[in-house]
1. How many nm separate the modelled label positions at residue 68 and residue 239, each set 7 Å beyond the Cα in the direction of the Cβ?
2. Grab the Cα-Cα distance for residue 225 and residue 50, subtract it from 0.36 nm times how many residues apart they are, and report the gain in nm with one decimal.
3. If each residue's Cβ is checked for other Cβ atoms within 10 Å, how do 185, 63 rank with the fewest at the top?
4. When you count, for each residue, the other Cβ atoms within 10 Å and take the mean per peptide, how do 144-150, 271-277 rank with the highest first?
5. Compute the distance in nm between two label points, each set 7 Å from the Cα along the Cα-to-Cβ direction, one at residue 179 and one at residue 132.
6. Scan around residue 39 for amide H atoms under 5 Å from its own, H built in the peptide plane at 1.01 Å from N, and keep only partners 5 or more places away or cross-chain.
7. Taking the Cβ of each residue in 78, 95, 194, 255 as the centre, tally the other Cβ atoms inside 10 Å and list the residues starting with the fewest.
8. Which peptide among 102-113, 204-215 comes first, and what is the full order, when sorted by highest mean count of other Cβ atoms within 10 Å?
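Nothing in this text is a laboratory measurement; each read-out follows from the coordinates by a stated rule. Bear in mind that the values here come from a model prediction, so they are computed numbers and not experimental data. Cβ coordinates were reconstructed from backbone atoms using ideal geometry, including for glycine residues, and neighbour counts include every protein chain displayed.
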Amino acid sequence: MPVRRWAWPALVPAVLFPTDAAAHPGTPWIGPNELPYAWTLDPVSLLPLALAWWLFGRGLARRPSVGRSRAAAYAAGTAWLLLALVWPLDAWGETLFSAHMAQHLVLTVVAPPLLLLARPAGPVLAGLPTATLRRRGARGLRAVRRGLEPLLRPGPAALVHGLALWLWHAPVAFDAALADDWLHRAEHLSFFATALLFWAMVLRAPRLGGMAPVAAAGALLLTLMHSGLLGMLIAFAPVPLYAWYGPRTAAWGLTPLEDQQLAGLVMWVPAGFAYMGAGLWLLAGWMNRTGPGPSATSPGHGSGALAAGGLDEPDRTRPFRHQPRAWERGCGCWRAG
């Protein structure tokens, strides 16, 4: 991604008027002395993040019942995105493959579940400035939810996410993405979007009841195995696989092969613990059930919506603190509290 180094007063013009000097082919190597100043001020990343923060903040002001835990999850998720896309991992990842792999870990394993736990759709819709936009946003949200429903089953969600991981880590695709800004953005978007689908499938499984948690745990096990295999193949490859890094790693005292081995471990071990922990959480909750779990059509549990992602149906089992507005009743995103 583009890397710009600016003094603090110049941050705004750097965002609004990026130049070709920031393109990948001319990106300087980032050593320890340059890292504190290696900010990626890419408007394609910064503007959506700023808009999402503005809308979520307005929604919190209008809906104080959202709660601190959801606000904290949203803040943590977006903070991790800033670390991955703005500073330091994006620029650092152009010099070290291991830093680039840490960036991918944030985009696939860390930020998506935090953002989904915040259930941001309701507050973001509430933050839209006019009632007309809120109604249109609610209709669009329902359409997105219906369109994504087939992909929110354990098999399709794991398959789509796994394909994104394997295809983009093929050496030809990986080096091509590093050399082209828009291809690099597409790579990151595919990681993040498929990870949102995958973790939404995981986090909504307890609400669906029945065998849904077991199926989601199976998808987690499958993802743990194939992502671990990919990490092992990278870590134990006898030669460097990615031509982009070449002599760049010397700035950090590493050979390309040592850097690649570290990158493989980053993919293999931390992600494996995350998938394993989520699977054990699902199985523990499933085994501790004393009665039949709520089904996808039970009152208050929606029709298989993106529950953990803020696209869930209204929870009718808890009283509203005040009556929702018309657009809130219609969007299927209202949650009391």
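1. It works out to 5.8 nm between the two label points.
2. Numbers: separation 175, 0.36 × 175 = 63.00 nm, distance 3.61 nm.
Length gained between residue 225 and residue 50: 59.4 nm.
3. Numbers: 185 17, 63 22.
Fewest-to-most Cβ neighbours within 10 Å comes out as 185, 63.
4. Working: 144-150: 14.1, 271-277: 17.3.
Listed from highest to lowest mean packing, they are 271-277, 144-150.
5. 4.8 nm
6. It is 4, 6, by chain and number.
7. Numbers: 78 19, 95 26, 194 23, 255 13.
With the sparsest Cβ surroundings first, the list reads 255, 78, 194, 95.
8. Numbers: 102-113: 23.6, 204-215: 20.0.
Sorting 102-113, 204-215 by mean packing, highest first, produces 102-113, 204-215.
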